[in-house]
Amino acid sequence: MDALHHAPLQKPAAPSSFPESPLSRALRQPMMLGLFLPIQSGGWTASTLPRGTTWTFDYNAALARQAEDLGFDIVFGLAQWLPKGGYNEVQDGQAIDSFMAIAALAAITSGILLISTVHVLYGPWHPLHFAKFGATLDHISKGRWGVNVVTGHRAVEHEMFGWSRIEHDRRYALADEFLGVVQHLWAADENLTYTGESWRLKDGYITPKPLFGRPILVNATGSDAGIEFAARHSDIVFISSPTGTEFETAMAALPAHVAKVKAAANREIKTIINPLVIIAETDEAAEAYADAIVAQAQPTGFYAGKYHSDAHAWAQRKVYDKDRQRGLGGGNIQIIGGPEKVADSIARLKAAGIDGVQLSFYDFVPDLALFGERVLPLLKDRGLRF
Ligand SMILES: Cc1cc2nc3c(=O)[nH]c(=O)nc-3n(C[C@H](O)[C@H](O)[C@H](O)COP(=O)(O)O)c2cc1C
């Protein structure tokens, strides 16, 4: 095959262009609700305060059903590749794989969107594998499955796969080529012969085609290169606070950040942020809950120094800050309060231009139950949920 030889690549229609697609249904909610499943040990918070949260499939399957019963729109799992020991005693690296675990939820749920995180450059995956697996999951889930395309920000992960970390913006260029081919395979009625910079195919073809153009495409980013990538490909961008996790500080920067992400795309693109919600019956009880978590926090955590990351999305996070005593970790922004304050905070995120929240909790099952019982009715009263 000749170098860099191929016909122009096709793009499938976005699932949001089909009014009956599961994505379109979720997008009709004034504020989408997602749950960030803890498929990795320690969830988002390196604390030894006792809780039920665990990485097992059974625990996460029960949570996905709980979220679906509450009318949530999305469940999502992250992907990580960590050397022995993980980050610390709590976040010790045990994690079930996001692609497989979230895919397995397709068979035991019926309405909720399922988003797997995949490091598309590791392996490396071949676009034909990815297009085939994605179309298969699209059919099993009836259009509910999607992928959070990530390129790998930790040096140790790339090294685990046998090379040095690829330069930040170059990763997005490679992912762009990969996803261009994958999308062509989802769209095209003819075989594809392709020689690109990194991948080759001869008479590549997949069938069945996805039900609503293609699976849902998401990416999670804070960098300019990542935002440009999202503008080209994604239905939803998972954004983070450019100024750290403390709520008021984050709110000062979020409206401009959201506007920047939306302006990057010359089409409608939705944004979701992932708050860690520390909830209790009253504001005082929630503050006490947060203090108890911090009192038993580990000195290093998820994103602190142990493994080098070049991600812009997490750059301002504080996992454990002895002086400020509020570096709980988890989420790109923290909401600590009783039901009214949690509902108010979500309304303020909506007012900042954000289209959804993907929640994580410290002790998922009881905290999600309390959120469902006390906060969801308030969100409905405020017109944020149907
Ligand atoms: C909500 C959210 C979820 C993320 N999930 C993952 C993940 O599962 N695995 C991963 O390697 N990175 C994950 N990331 C980090 C992004 O992959 C990381 O930001 C990426 O390297 C992009 O870097 P950038 O922000 O510099 O563009 C996530 C980021 C956010 C905001």
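What to note about this one:
- Extension gain for the segment Asp189 to Lys142, taken as residue separation times 0.36 nm less the Cα-Cα distance, is 14.8 nm to one decimal.
- For the stretch 6-90, the alpha carbon convex hull comes to 176 Å³ per residue, rounded to a whole number.
- Sparse packing (at most 12 other Cβ atoms within 10 Å of the Cβ) combined with a DSSP loop state is found for the following GluC sites (Glu not before Pro) in the stretch 122-209: Glu167, Glu190, Glu197.
- Span from the the stretch 99-118 Cα centroid across to the the stretch 193-250 one, whole angstrom: 18
- Scattering curve values for the chain, log₁₀ I(q)/I(0), Debye with Cα scatterers, q = 0.10, 0.11 Å⁻¹: -0.61, -0.75
- To the nearest ten degrees, helix 168-187 and the longest principal axis of the Cα atoms of the chain are 60 degrees apart.
- Pairwise label distance in nanometres, Ala155 with Arg382, each label 7 Å out on the Cα-Cβ vector: 4.3
- In this structure, the residue pairs whose Cα-Cα separation is over 30 Å, taken from Lys142/Lys306; Lys84/Lys270; Lys260/Lys341, are Lys142/Lys306; Lys84/Lys270.
- The simple spin-label model puts a point 7 Å past each Cα toward its Cβ; for Ser164 and Arg232 those points are separated by 2.5 nm.
- Counting only the Cα atoms, the stretch 92-202 fills a convex hull of 112 Å³ per residue.
- Extreme residue, positive dipole direction of the chain, given options Ala311, Gly77, Ser16 (C-beta unit charges): Ser16
- Between Ala259 and Ala369, the distance separating the two model label sites (each 7 Å from Cα on the Cα→Cβ line) works out to 4.4 nm.
- Charging the Cβ of each Asp and Glu at -1 and of each Lys and Arg at +1, and nothing else, the dipole of the chain about its Cα centre rounds to 520 debye.
- Part-to-part distance (alpha-carbon centres) for the stretch 26-72 and the stretch 346-380, which is given in Å: 12
- Bridgeable aspartates and glutamates around Lys11 (alpha carbons under 14 Å apart, same-chain partners fewer than 8 residues away excluded): Asp176, Glu177, Asp189, Glu190, Asp235.
- The chain - share of DSSP beta bridges that are antiparallel (%, nearest 5): 15
- Using alpha-carbon coordinates, inclination of helix 283-295 to the longest axis of the chain, degrees: 70
- Using bins of 10 Å that start at zero, the share of Cα-Cα pairs per bin across the stretch 182-265 amounts to 16, 31, 28, 16, 9, 1, in whole %.
- Once the Cα atoms are used to define both axes, helix 339-351 deviates from the longest principal axis of the chain by about 40 degrees.
Each reported figure results from applying straightforward, stated rules to the coordinates on display, with no laboratory input. Note that the structure is predicted; figures quoted are calculated from it, not measured. So basically every Cβ, Gly included, is an ideal-geometry build from the backbone, and we count neighbours across all protein chains shown.
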